[in-house]
Structure formats: structure tokens, C-alpha cells
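Worksheet for the structure shown next.
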Amino acid sequence: MNAHADASHIRLRSMLSDDLHQVAGLDTLSFADPWPQGSFEYELKASNYSLCLVAEDPHGPEGQTIVGALVIWLVVDEAHIATIAVHPGYRHRGIGRRLLAEGLLQAAERGAEKSQLEVRSGNTEALHLYYGFGYKAVGLRPNYYQAEHEDALLLDLDHLDIEFLGNLTQSLSS
Ligand SMILES: CC(C)(COP(=O)(O)OP(=O)(O)OC[C@H]1O[C@@H](n2cnc3c(N)ncnc32)[C@H](O)[C@@H]1OP(=O)(O)O)[C@@H](O)C(=O)NCCC(=O)NCCS
């Protein structure tokens, strides 16, 4: 993949139906147990409680312009990070952080006051990303990922500050 080391040209936007095929492909590249395309389609079209974002490379090779995806479930006052992935060829450039900051900001603007997620206990890249946002480990779900015999850590971020997230999204996209 002809990815640019600088990610300033990567744009974040809401997911569209036309993105679904690429989003599912990205998930397959990112997880041992990826979501089927139909799950993303449900989140996008049928659920009123989902926030679906993508990161797009307008200069990406034909057929691969979606380089990141995020789905957040809005449950009462909580933003549950359902899935986040960045294309392997585009990682370590801050795209995951931009997606998460934008998603949390939009969730907070829709009334979320805190955030929660499950993450594989051995997923150091994701843990680093989440700890950087202030998430704290509050529980362990033993053998949650049964196929891989891996525990899940339950992480909480107990206050979503709109002003902080607004400033963060601006600084990350400039
Ligand atoms: C987790 C994931 C989304 C991060 O995306 P990304 O675009 O590479 O993340 P960023 O570039 O924004 O990095 C965010 C932080 O993680 C750090 N990081 C990235 N890769 C790292 C690694 N291999 N080891 C340690 N830290 C790492 C970055 O340095 C940055 O930290 P910083 O504040 O010190 O700069 C990506 O690795 C991914 O898609 N993984 C597979 C899917 C997955 O596991 N999703 C999470 C499910 S809970």
C-alpha cells in the first residue's frame, strides 16, 4: 500500500453505505474475529444509538480509501467503544487517536458523560491508545475471547469533557 508517512491528509467523516465493503475488509485485516459486513450495516442503518466514523485517505489506491473505522454505542449516558481499527499500513500515525478523539467528542455532544470498553489484555497497542486518553482498568473478564483463550480488560473513562475533546480534535487535525 502506498501510504504516506504524514497523515495530515487523512480525513475523518461519518460512515456511509458505500464504505461498508471496505470497512468490513479493514476489520478482517485487524481482528481474528472480525464483524461481518452485515453488523456494520446494522449499526449504520438500523441503530439509532450508534455513532459510526471512518478515516479516509483521498489519495489511497483505488478500492482502498477507507483506512480507519470506529463504532460507538451510545447507551444512556455512556459511550461504549464497540470497535476501532486502523489499516495495518496506516498505523502509528495518530489516526487511531484522531478517530477516538472525534468519536468521544461526538458522543459527548450527544449526551454521553463517560466511556467504557473491553480490550484484550495483551493488546498493548490499543491499551496504550486508551490509557493515553485517561481510561483506567476497572475489571477483568476471564477468557472473554474464547477462541484465543484471552482475558478482556474492562476500561472506564469516567468523565467526557467536551471542551477538552474539542481542543484535542482541533490540535490533532491541524
Ligand atoms: C489500536 C489501533 C486502532 C491504534 O491505531 P493507530 O492509528 O496505530 O494509533 P495511533 O497512531 O493513534 O497511536 C496512538 C498511541 O498508541 C501508540 N502506539 C501505537 N502503536 C504502538 C505500539 N506498537 N506499541 C506501543 N504504543 C503504540 C502511539 O505511539 C500513540 O501513543 P503516543 O501517545 O505515545 O503517541 C490499531 O493498532 C489497530 O487497528 N489495531 C487492531 C485492531 C484493534 O486491536 N483495535 C482495538 C480493539 S479494543
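Read-outs: derived from the displayed coordinates by stated rules, not from any lab. Being a predicted model, the structure only gives us computed values, none of them experimental. Every residue, glycine among them, receives a Cβ derived from its backbone with ideal geometry; neighbour counts consider all protein chains shown.
Looking only at Cα atoms, what is the convex hull volume of the chain per residue, in Å³?
Roughly 110 Å³ of hull volume per residue.
Normalising the average separation of contacting C-alpha pairs (under 8 angstrom, six or more residues apart) by the number of residues puts the relative contact order of the chain at 19 percent. What the Cβ-Cβ distance of Ser174 and Ala147 gives, at R0 = 41 Å and to the nearest 0.05, is a FRET efficiency of 0.50.
How large, in Å, is the range 114-158 by the Kirkwood hydrodynamic radius built from its alpha-carbon pairs? About 10.5 Å for the range 114-158.
Span-like helix criteria (full DSSP H runs; alpha carbon extent of at least 18 Å along the helix axis; mean Kyte-Doolittle hydropathy of at least 0.0) are satisfied in the chain by 95-109.
Count charges around Ile84 for me, please; just the other residues with Cβ under 14 Å from its Cβ, Lys/Arg as +1, Asp/Glu as -1.
Details: positive: Arg91, Arg97, Arg98, Arg120; negative: Asp27, Glu43, Glu102, Glu118, Glu125.
So the environment of Ile84 carries a net charge of -1.
Full extension from Glu62 to Ser17: what is 0.36 nm times the residue separation minus their Cα-Cα distance, to one decimal in nm?
Gain on extension, Glu62 to Ser17, equals 14.5 nm.
Close amide H contacts of Thr83 (hydrogens built in the peptide plane, cut-off under 5 Å, sequence separation of 5 or more or a different chain): Val71. Rounded to the nearest whole Hz, the Karplus-based 3J(HN,Hα) values (6.51 cos²θ - 1.76 cosθ + 1.60, θ = phi - 60°) of the range 136-145 follow the sequence 10, 6, 10, x, 10, 10, x, 6, 5, 9, with x at glycine and proline. Under a 5 Å amide H cut-off, with hydrogens placed 1.01 Å from N, Ala112 pairs with nothing among residues at least 5 apart or on other chains.
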